[in-house]
Structure formats: structure tokens, C-alpha cells
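Worksheet: one structure, shown below.
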Amino acid sequence: MKNYSIAIFGSSLREDFDKYSDRDLLVVASDFETLEKLKTVYSKDDWSISYYTYSKLKYISDNGSLFIKHLQNESKIIIDNQNRLHNILNEFNPKNNYNEDIQDCENYFDILKVVPKTNLGLAWFCDSLYVGLRNYLVFKNAENGIFEFSFMSLLNRLKNQGIIKQPDVQLLKELRIVKRNYREDIFDELPSLNFVQKIIQIAKTIGILKTVRIVDSLTFQNIIDKSILRKEFNPYQRLRLVEAFYCSQDLNIPELKKIISNPQFYSSKMKDNDYTMNLLSKIKKHHTTTCLKLRSDY
């Protein structure tokens, strides 16, 4: 008997699914060894995988995580012989309020106050903004008893509330395209500076950003060097800042890209100051080596 659970969830089950949507798969097992094996198998089929132990999924369910509500609303269980996943979903109850979660979402946007002015840096900004905006709107709606997870539906609610207009919806919709291109290394379709500046103005209108500085690579790196440990960034914020540091330079380091592209596994490691600074040091070392090689070629 299979001692794990598999479920498809999210946009692949909605009518608005398109080529820019993620193909989300939930994998749940009793131990990390099984999770790693399953992740390896299903990753080959181009799934975007979220993986949890049963105990972890039960813990976040007991704490009112809206991820469980998302699974309740938009999932199709494929394998669950002992009904363990089914039972966790059925026992879920939302929180009485999501004020703390909304505050966490607002704090998340602190990482977007400074953006590196490189092609990848601008794409990183758009990807990070998409993630933060979607989460923020999900929690804001949940506070009013509305459980909505489609990005387009969330944007249309903003428009219906008179906060943004239809042209703004169309621009924000393009964040999904930028996210896909950025994550799949489609470098000839990254966002322009003009596009990012328009997106920043919309974000200010919504109220999630106040000031954003777009700076050169060296200035950005100096700011991150000085602030990543000093400020109260959570582990996920730290990982995204290391990602931005990476994107501020023209590098291709598979080891670091693996860490950056697996935040669910690696973000917890960013609690360790030494681990965080070691990643930055590796990026700096590769950058120096690349610069020296380029100089020697001329």
C-alpha cells in the first residue's frame, strides 16, 4: 500500500488555466526520504511541487493556514489510500482573523524598496512583487470571509472596489508572464525598465509600496551586504534578497540556482547568519573570477 498522498491543486483545475499558469502538485508523506524520492519522480513531468510531511501539513492546518483552504477549494486527490490527506482537509477551520498574516505580507514588501537595475534584477522584482501581491490580496479577502486564490479574480475584485482601473489590471496580469519567463530562464522576454516603473506606480496606488529605488549593481550589493543581517528579515525574505544579489550580476551558478529555486526547502536554512553570508560570499567569488577572466580575454 502506498504510504503517501498526491493531489493536483490550484490553477490547473480552474477555467482560467493557461500556458503561464503553474502546474501545482501536492506531495505528502510520513518522512523526508519518501518526499525526496517522490519529488525527483514528479519533477521530471514539469510539476511545480509543494511537499510536506503529514505532521507538518496537520500543524499548519491546525494553525489556520489558508494553504489548506486553497486545497479544500481547489484540489483533486489522486492518491490517498489511508485518507490521511482527506482527513486533514476535512478538519480544517479558518482563523477568526488574519490581521497578523496581513501584517506579515506588508512587511514582506520591505525587500522591494531597492531593486538592482539589471535585466534579471527587474525580473526578480516582478516575480517577488507577484508573490507578495497575491498573498496580500488572499489574506485581505479572507479577513472579510472571502476565500479567493485566482490572481485574475483577485485583481478584478480590486478593480470592482475602485482601487485600480482596467489598464492597471492588464499590466498586473503581465506579472504572471514575467514570472514564467524569469523562472524558466527565457531571457529574451524579460521586463523593461518602463514596465517596472509603471508596475511600481500601481503598487503605490494599492498601498503595498511607498518608495522604490532602482540602483546600479554595485550600490545594490553594498546595501544588501549592510542590511541583510542587520534588519529583521525573515528567512524567506533573506533567501529572496540573496536571489536579488545573484540577479544583480551576470552569473550562472547551478549550485546557487538550485538553492534559490527551492525556497520551501532552503529558506529555513537562512535563519543561520553564517549560511546566509556564505551564499553571498560564493556569489562575490564567482563574480570576481568572471571579471578577471573577461579582463584576461582582452
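The values are calculated or read from the model by the stated rules, or taken from the named source; none is laboratory data. Predicted model, so just to flag it, every value in this text is computed and none were measured. Counting neighbours? That spans all protein chains shown, and the Cβs are built from the backbone with ideal geometry, glycine included.
Matching residues to (1) in contact (Cβ under 8 Å) with a residue 60 or more places away in the chain; (2) surrounded by fewer than 14 Cβ atoms within 10 Å (Cβ to Cβ); (3) within 30 Å of Gln161 (Cα to Cα):
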residue: Ile223; (1), (2), (3): yes, no, no
residue: Leu241; (1), (2), (3): yes, no, no
residue: Ile259; (1), (2), (3): no, no, no
residue: Ser268; (1), (2), (3): no, yes, no
residue: Leu280; (1), (2), (3): no, no, no
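Pull up region 111-150, narrow it to residues that are without any contact (Cβ under 8 Å) to a residue 60 or more places away in the chain and part of a helix (DSSP H, G or I), then point me to the one that is farthest from Ser227 (Cα to Cα). This residue is Asn141. Of the helices (runs of 4 or more DSSP H) contained entirely in region 207-272, those carrying at least 2 residues that are modelled with pLDDT of 80 or more and assigned by TED's automatic domain parsing to the domain that holds Gln161 fall at 217-227, 235-247. Just checking, does region 47-70 include any residue being without any contact (Cβ under 8 Å) to a residue 60 or more places away in the chain, out of contact with any helix residue (DSSP H, G or I) (no Cβ under 8 Å at 6 or more places or on another chain), of a type in the set (A, V, I, L, M, F, W, C) and surrounded by 13 or more Cβ atoms within 10 Å (Cβ to Cβ)? The answer is yes; a qualifying residue exists. Residues in region 45-83 that are among the charged types (D, E, K, R) and over 21 Å from the mean Cα position of the chain (by Cα): Lys58, Asp62, Lys76, Asp80. Of all residues in region 71-94, those being under 23 Å from Asn135 (Cα atoms), part of a loop (DSSP other than H, G, I, E, B) and in contact (Cβ under 8 Å) with a residue 40 or more places away in the chain number 2.
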